[in-house]
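K.L.:
This structure is in structure tokens; I'll ask about it shortly.
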Ligand code: 13P
């Protein structure tokens, strides 16, 4: 039985004081929650938020990291720095990294392997553009991103990987994939994992849905048999919107 995993990706939102305030409210609101919870503030707020959620049932996540451990990489943040702040998981391959900042599968794979080598959990984001969906290519795009993102990752390391299916056209647009459309891709990805690794690995891996998930649609999405949680953007920015998603079912 897979445990439901709800994660909040705060993206480039919240000043330090706002982030601290939200983290404090979430610690209280979610303390009796039965799912796995993660919040990913911006790099500048990781330290402060980490201190608030330390000892709670919410884990600290980062939204990205460098391909390299250290050195001449102006503006980048290293896996070692994240670990030092108590970060437990890192979101990699987010569509905003792929499409705004030009990250490709090779670069994402390098980050995935580095994070896993250092014992971080990874949320590997995959998802198709609207043109790709309309051309009937959603499955092949998601398959490619999964295979390339996980290239060289062992079955043992895969235990620390969650996949987040985030159709790009559904992110921040208010358009959600229907539960059936999302389920179809999730089931397909699970099949790919079974082919790449084993039926056991496929059965165990968590696959989150992300893209305009909110209190109104979360229950129907999470009721699908291959949707194991959510990666939430906009609706993770207030306790009023995030708490109900964290407590659905
Ligand atoms: P929204 O929930 O704002 O659509 O964002 C989803 C997302 O990109 C989470 O990583």
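K.L.:
Condition first: more than 16 Å from the ligand (Cβ to nearest atom), within 21 Å of residue 207 (Cα to Cα) and touching a helix residue (DSSP H, G or I) at 6+ places or on another chain (Cβ under 7 Å). Now tell me which residues in the stretch 9-50 satisfy that.
P.N.:
The answer is 33, 35.
K.L.:
I've got another one for you. Have a look at 53, 91, 6, 59 and point out the one that is touching a helix residue (DSSP H, G or I) at 6+ places or on another chain (Cβ under 7 Å) and under 22 Å from residue 227 (Cβ atoms).
P.N.:
Values: 53 fails: under 22 Å from residue 227 (Cβ atoms); 91 fails: touching a helix residue (DSSP H, G or I) at 6+ places or on another chain (Cβ under 7 Å); 59 fails: touching a helix residue (DSSP H, G or I) at 6+ places or on another chain (Cβ under 7 Å).
One residue alone meets the criteria, 6.
K.L.:
Quick one: which of 215, 202 is more than 10 Å from the ligand (Cβ to nearest atom), at pLDDT 95 or above and within 22 Å of residue 151 (Cβ to Cβ)? Show your work before the answer.
P.N.:
Values: 215 fails: within 22 Å of residue 151 (Cβ to Cβ).
Answer to the selection: 202.
K.L.:
Which of the residues spanning the stretch 86-102 are more than 16 Å from the ligand (Cβ to nearest atom) and either closer than 18 Å to residue 123 by Cα or outside any loop (DSSP other than H, G, I, E, B) (or both)?
P.N.:
Once the filter is applied, which keeps residues that are more than 16 Å from the ligand (Cβ to nearest atom) and either closer than 18 Å to residue 123 by Cα or outside any loop (DSSP other than H, G, I, E, B) (or both), the stretch 86-102 yields 86, 87, 88.
K.L.:
Can you spot a residue in the stretch 230-237 that is out of contact with any helix residue (DSSP H, G or I) (no Cβ under 9 Å at 6 or more places or on another chain) and within 12 Å of the ligand (Cβ to nearest atom)? Working first, answer last.
P.N.:
Taking the stretch 230-237 as the starting set, the residues that turn out to be out of contact with any helix residue (DSSP H, G or I) (no Cβ under 9 Å at 6 or more places or on another chain) are 231, 233.
From what is left, the residues that are within 12 Å of the ligand (Cβ to nearest atom) are 231, 233.
Looking through the stretch 230-237, at least one residue is out of contact with any helix residue (DSSP H, G or I) (no Cβ under 9 Å at 6 or more places or on another chain) and within 12 Å of the ligand (Cβ to nearest atom).
K.L.:
Consider residue 119 carefully, then state whether it is touching a residue at least 40 places away in the same chain (Cβ under 8 Å), loosely packed, with under 14 Cβ neighbours inside 10 Å, under 19 Å from residue 5 (Cβ atoms) and more than 16 Å from the ligand (Cβ to nearest atom).
P.N.:
Details: touching a residue at least 40 places away in the same chain (Cβ under 8 Å): yes; loosely packed, with under 14 Cβ neighbours inside 10 Å: yes; under 19 Å from residue 5 (Cβ atoms): yes; more than 16 Å from the ligand (Cβ to nearest atom): yes.
So residue 119 fits the description; yes.
K.L.:
Out of the stretch 148-195, which residues are part of a loop (DSSP other than H, G, I, E, B) and in contact with a strand residue (DSSP E or B) (Cβ under 6 Å, 6 or more places away or on another chain)? First the steps, then the outcome.
P.N.:
First pass over the stretch 148-195, keeping only residues part of a loop (DSSP other than H, G, I, E, B): 150-154, 159-160, 166-167, 171-178.
Selection gives 160, 166.
The values are calculated or read from the model by the stated rules, or taken from the named source; none is laboratory data. Source: prediction; values computed, not measured. Glycine also receives a Cβ, built like all others from the backbone with ideal geometry; neighbour counts cover every protein chain displayed.
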